[in-house]
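The next block holds one structure in the form of structure tokens; read it before the comments.
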């Protein structure tokens with residue numbers, strides 16, 4: 001450890017307090033040759049060194065985050081982000097910490113009756129010395145909305161319609177996120193939108209129906225307080241459930257940002273009491289024998305129905321399936337069904353899928369979102385979605401063709417039975433065809 005030098009500190013007796021006096025004292029006393037060196041341990045406090053056990057990709061940490069409402073949900077999300085490398089963050093809340101908040105909030109007794117945003121700023125700076133946290137100690141309003149201009153990701157944790165209306169006034173392109181929980185934190189409502197013009201129309205209509213069930217359950221259990229949300233100390237929810245919901249929200253947010261997702265994505269996650277995990281609501285198919293699942297994102301399925309609706313001639317049509325597998329390469333997630341390429345040929349009982357534009361599309365999907373070719377889809381207008389012998393042979397051929405680089409291609413056929421859309425989903429594995437059965441979506445009567 002370096003000794004304390006004399007500059008502007010002490011001078012040698014008989015010398016003036018100037019450079020010559022300080023220098024003489026250093027050479028004769030402080031830094032003399034026989035002076036024993038005092039050693040001490042030092043540590044590397046570089047940002048990467050501090051977080052080398054777990055840090056988000058640079059694509060995430062380089063963004064500036066703003067959290068609107070730092071109650072239990074907002075405070076947990078803020079801390080999770082900072083502990084994983086996010087270092088520019090704005091905290092917005094005009095509320096003070098009440099004793100009832102302590103059951104779920106990250107702040108402690110020493111912050112009681114103090115502004116939540118200001119106290120959380122201090123806590124985050126204590127967690128990571130590199131954090132540049134700011135606190136806006138008032139509620140978001142039209143007067144202070146401009147504070148959000150320089151931030152990339154805006155996370156609303158207030159569960160208030162008024163905040164959504166305010167955010168809709170922002171004209172710049174940003175990533176908007178709304179996170180809230182239902183009664184007893186048994187459901188998580190997560191809305192993600194990247195683009196311009198965020199507004200309440202981004203919310204899936206199913207959310208309104210299910211949130212209404214939460215309200216009815218609250219009334220049935222005798223909770224008459226109008227407007228009580230997860231931010232309020234009397235809202236019934238265990239701390240562990242709030243942490244689980246917040247962790248799930250951060251995980252989804254990071255995945256969506258990393259994959260460069262555009263547009264609106266709505267998710268409802270429900271806690272499964274048997275496994276204590278959250279199950280994502282999207283179309284889900286399962287093959288028990290393979291212990292494998294295939295998920296179809298709602299946005300992808302909606303696009304598929306739109307493509308089919310544009311098929312006015314009722315001819316067979318189709319395209320390719322794009323998506324990705326999980327880390328275990330066991331479950332697939334379908335994120336896109338493409339339109340038929342321009343060089344495709346279609347008839348009432350046949351379809352030849354062209355290739356024009358697909359190579360550049362797949363290269364773009366891999367570069368921007370780490371997504372790739374998963375298989376083929378086509379339409380059987382006014383007939384059952386049963387794979388023909390030609391379909392089966394084609395899938396086996398794709399599995400063996402190195403140009404496709406897809407050893408287990410997925411085949412999805414969209415058919416129609418009694419004017420009802422029916423899906424057949426299968427996979428070619430080891431020269432055999434395995435079919436997947438649809439699992440029921442989140443029940444709305446639970």
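Every read-out reported here was derived from the displayed coordinates using simple, explicitly stated rules and does not represent laboratory data. Keep in mind that this is a model prediction, so the values were computed, not measured. Positions of Cβ are generated from backbone atoms using ideal geometry, with glycine treated the same way; all protein chains shown enter the neighbour counts.
Given the range 1-150 reduced to its alpha-carbon atoms as identical point scatterers, what log10 I(q)/I(0) does the Debye formula return at q = 0.11, 0.13, 0.21 Å⁻¹? Taken in order of the listed q values, log10 I(q)/I(0) reads -0.63, -0.70, -1.24. Angle of helix 116-127 to the longest C-alpha principal axis of the chain, folded into 0 to 90 degrees and rounded to 10: 80°.
With N the number of residues in the range 338-419, Rg(Cα) / (2.2 N^0.38 Å) evaluates to 1.18. With the gyration tensor restricted to C-alpha atoms of the range 283-439, the semi-axes of the equivalent ellipsoid amount to 22, 19, 16 Å, longest first.
Based on Cα atoms of the range 313-367, Rg over Rh with Rh as the Kirkwood radius reads 1.08.
Given the range 7-79, report the % of alpha carbon pairs whose separation exceeds 13 Å. In whole percent, the long-distance tail amounts to 79. Over the range 62-166, the fraction of Cα-Cα pairs per 10 Å bin, rounded to whole percents and listed from the shortest bin up, is 16, 52, 29, 3. For the range 54-280, the Kirkwood hydrodynamic radius from C-alpha pairs, put into Stokes-Einstein at 10 °C and a viscosity of 1.306 mPa s, yields a diffusion coefficient of 90 µm² per second. By the compact-protein rule of thumb, 2.2 N^0.38 Å, the alpha-carbon radius of gyration of the range 287-379 corresponds to a ratio of 1.15.
If you run the Gaussian network model on the chain, springs between alpha carbon atoms under 10 Å, then out of 436, 325, 24 the most flexible one is 24.
Placing R0 at 35 angstrom, the Cβ-Cβ distance between residue 291 and residue 98 gives a FRET efficiency of 0.15 after rounding to 0.05. Packing here is the average count of other Cβ atoms within 10 Å per residue, and on that basis the peptides 45-51, 64-70, highest first, run 64-70, 45-51.
Labels on offer are [x] 85, 63, 62; [y] 70, 54, 41; [z] 108, 60, 43, and the one holding Cα extents along the principal axes in Å computed from this structure is [z]. Can you tell which of 84, 248, 383 shows the greatest fluctuation in a Gaussian network model of the chain with Cα springs below 10 Å? Evaluated over the chain, the most mobile residue of the options is 383. Principal-axis analysis of the Cα atoms of the chain puts helix 298-309 at an angle of about 30° to the longest axis.
When every Cα-Cα distance of the range 1-42 is counted in 10 angstrom steps from zero, the calculated P(r) takes the values 31, 45, 21, 3 percent.
The angle separating the long axis of helix 72-83 from the principal Cα axis of greatest extent in the chain is about 70 degrees.
For the peptides 420-432, 90-102, the ranking by mean Cβ contacts within 10 Å, running from highest to lowest, is 90-102, 420-432.
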